[in-house]
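Engineer: Pasting in a structure now, in structure tokens, and then I'll have a few things to ask.
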Amino acid sequence: MMRCPPFSYHAPATALEAAKILRAEGPSAVLIAGGTDVIPGMKRRTLEPKALVSLRRIAALRGLTAGGGLSIGAGTTLADVASAAVARPYGALLRAAAQVATPHIRNAATVGGNLCLDTRCTYYDQSLEWRQAIGFCMKLEGKVCWVAPGSPRCWAVSSTDLAPALIALSAEVELHSADGRRTLPLADLYRDDGIAYLGKRADEVLTAVRLPDATGWRSTYWKLRRREAFDFPVLGVAAAVKLAADGTVEAARLVFGAVASHPVLAEAAARLVGHRLTDDAIAEVADGAFRLAKPLDNTDFHIGWRKRIARAFVSGALRELRGDDPAQLGALARRATALSTVV
């Protein structure tokens, strides 16, 4: 049985108190909310915090509020987000939240936890003994990235489901520290670095997500994984379009997840603006966007197949937003998953 290492435990009542504890404890402190990723990491010894700072007592971090947009507390569970009526205009968010792990994990896992999810890699997310056997990797204790041994950087992959969906919806996040509060676009929270993957300070607490009004927008999230339940994404595709009354695209966003160390915004989506979602327009965007999917051998499936399926998922997500038959789109997703079981 794998056990957690010794640690001290703090249960602050406010985000400010939590931020002050983080500053006092320094880099040895780790925030914990639902604990669905932190605790397994501690058991594997990829995380060995001297102090855990729990956010569970901070009621102000929980809940969803609509009105000119949507505000979501970082401590809100994924189950609550997936079932919230006020979140229905934000289809990509609902789809992403509903596809994270299993129901019992979604009942504990939080929005903030998923957004700050550690990057993952085949050579990193293993037991201590397994990692010792290969000589460790650059992400922790070693000097080599086993995905790309000649590379000077870590290529662990971003595996958050919510981030691509929320970036497609133009989300902002609110961060609290002992010095005060700041807001930044969610896309700016991430860095293309498997180790230093977050652009927030160690003493900052992510407290809320803010979404603009979704009037006129349609959005969705497609996720690929080996098993249809539980697994982290091997590919995530979030798509959002704003349509005029005649069906012309006024704005469009497309974001990939699980193809790099950060969510990847596909500028090819801009080609849809001023056009209808025709088969030709969708194919052009899918051809342009999938080139950004540059998977490495750091997670499940053959890397060449993972790249090719990105084109199919972009096409499927945009066809869904066009209003194509859900049965046909469901068949496409099932065929992709069926193919993945033999790759």
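Engineer: Please report, ordered by residue number, the strands (runs of 3 or more DSSP E) entirely within segment 1-74 with at least 3 residues that are of a type in the set (A, V, I, L, M, F, W, C) and within 30 Å of Ala92 (Cα to Cα).
Structural biologist: Correct list: 29-32.
Engineer: Find all pairs meeting these conditions: Cβ atoms under 6 angstrom apart; at least six residues apart or on different chains; first residue within segment 295-323 and free of Cβ contacts under 8 Å to residues at least 12 places away in the same chain and more than 30 Å from Lys242 (Cβ to Cβ); second residue part of a loop (DSSP other than H, G, I, E, B) and not aromatic (Phe, Trp, Tyr).
Structural biologist: Going by the 6 Å Cβ cut-off, the qualifying pairs are Ile303/Pro295; Ile303/Asp297.
Engineer: Kindly establish whether Thr215 is β-branched (Val, Ile, Thr) and either surrounded by fewer than 15 Cβ atoms within 10 Å (Cβ to Cβ) or in contact with a Cys (Cβ under 7 Å, 6 or more places away or on another chain) (or both).
Structural biologist: yes
Engineer: Still on this model: Can you find a residue that is more than 21 Å from the chain's Cα centre (by Cα) and modelled with pLDDT of 95 or more anywhere in segment 166-177?
Structural biologist: Checking segment 166-177: at least one residue is more than 21 Å from the chain's Cα centre (by Cα) and modelled with pLDDT of 95 or more.
Engineer: Shifting gears a bit: Among (1) surrounded by fewer than 23 Cβ atoms within 10 Å (Cβ to Cβ); (2) in contact with a Ser or Thr (Cβ under 9 Å, 6 or more places away or on another chain); (3) not assigned by TED's automatic domain parsing to the domain that holds Asp161, where does Val259 come up short?
Structural biologist: Exception for Val259: condition (1).
Engineer: Give just the number: which of (1) touching a strand residue (DSSP E or B) at 6+ places or on another chain (Cβ under 9 Å); (2) assigned to a loop (DSSP other than H, G, I, E, B); (3) touching a residue at least 60 places away in the same chain (Cβ under 8 Å); (4) not hydroxyl-bearing (Ser, Thr, Tyr) does Gly113 not satisfy?
Structural biologist: Single failed check for Gly113: (2).
Engineer: In addition: Limited to segment 132-152, what total is found for residues that are charged (D, E, K, R) and either at pLDDT below 95 or exposed (fewer than 13 other Cβ atoms within 10 Å of the Cβ) (or both)?
Structural biologist: The number of residues fulfilling the criteria is 2.
Engineer: Within segment 177-198, how many residues turn out to be touching a strand residue (DSSP E or B) at 6+ places or on another chain (Cβ under 8 Å) and either among the charged types (D, E, K, R) or within 18 Å of Leu166 (Cα to Cα) (or both)?
Structural biologist: 12
Engineer: On to the next question. Please tell me if Asp188 is assigned to a loop (DSSP other than H, G, I, E, B), surrounded by fewer than 17 Cβ atoms within 10 Å (Cβ to Cβ), among the acidic types (Asp, Glu) and within 16 Å of the chain's Cα centre (by Cα).
Structural biologist: no
Engineer: Ok, one more. For Arg201, all conditions in the list (1) part of a loop (DSSP other than H, G, I, E, B); (2) in contact with a strand residue (DSSP E or B) (Cβ under 7 Å, 6 or more places away or on another chain); (3) assigned by TED's automatic domain parsing to the domain that holds Gly257 hold save one; what is the number of the exception?
Structural biologist: With (1) part of a loop (DSSP other than H, G, I, E, B); (2) in contact with a strand residue (DSSP E or B) (Cβ under 7 Å, 6 or more places away or on another chain); (3) assigned by TED's automatic domain parsing to the domain that holds Gly257 applied to Arg201, the lone miss is (3).
Engineer: On to the next question. Please tell me if Ala85 is free of Cβ contacts under 8 Å to residues at least 60 places away in the same chain and under 28 Å from His10 (Cβ atoms).
Structural biologist: Taking the combined requirement at face value, the residue does not satisfy it.
Results for (1) touching a residue at least 24 places away in the same chain (Cβ under 8 Å); (2) not basic (Lys, Arg), shown as yes or no for each residue.
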{"position": "Val144", "(1), (2)": "no, yes"}
{"position": "Pro149", "(1), (2)": "no, yes"}
{"position": "Arg153", "(1), (2)": "yes, no"}
{"position": "Glu174", "(1), (2)": "yes, yes"}
{"position": "Arg201", "(1), (2)": "yes, no"}
{"position": "Leu206", "(1), (2)": "yes, yes"}
{"position": "Trp222", "(1), (2)": "yes, yes"}
{"position": "Leu235", "(1), (2)": "yes, yes"}
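Engineer: Right, here's the next one. With of a type in the set (D, E, K, R), out of contact with any Leu (no Cβ under 8 Å at 6 or more places or on another chain) and modelled with pLDDT under 95 as the only criterion, which of Arg95, Arg23, Arg3, Arg56 stands out?
Structural biologist: Arg3
Engineer: Within segment 229-256, restricting attention to residues that are surrounded by fewer than 24 Cβ atoms within 10 Å (Cβ to Cβ) and touching an Asp or Glu at 6+ places or on another chain (Cβ under 9 Å), which residue is nearest to Cys116 (Cα to Cα)?
Structural biologist: Phe232
Engineer: Now for a separate question. So which residues in segment 109-131 are crowded, with 17+ Cβ neighbours inside 10 Å and more than 19 Å from Ser158 (Cα to Cα)?
Structural biologist: Listed by number, the list holds a single entry, Arg131.
Engineer: Among the residues of segment 210-231, which ones are in a loop (DSSP other than H, G, I, E, B), modelled with pLDDT of 95 or more and aromatic (Phe, Trp, Tyr)?
Structural biologist: none
Engineer: Of everything in segment 245-270, what is in contact with a strand residue (DSSP E or B) (Cβ under 8 Å, 6 or more places away or on another chain) and either of a type in the set (D, E, K, R) or over 22 Å from Asp161 (Cα atoms) (or both)? Give them in sequence order.
Structural biologist: Matches in segment 245-270: Val249, Glu250, Ala251, Arg253, Ala270.
Engineer: Turning to a different aspect of this structure: Taking segment 240-283, which residues are in a helix (DSSP H, G or I) and either small (Gly, Ala, Ser) or more than 26 Å from the chain's Cα centre (by Cα) (or both)?
Structural biologist: Result: Ala268, Ala269, Ala270, Asp279, Asp280, Ala281, Ala283.
The values are calculated or read from the model by the stated rules, or taken from the named source; none is laboratory data. Computed from a predicted structure; not experimentally measured. Glycine gets a Cβ as well: all are built from the backbone with ideal geometry, and neighbour counts include every protein chain shown.
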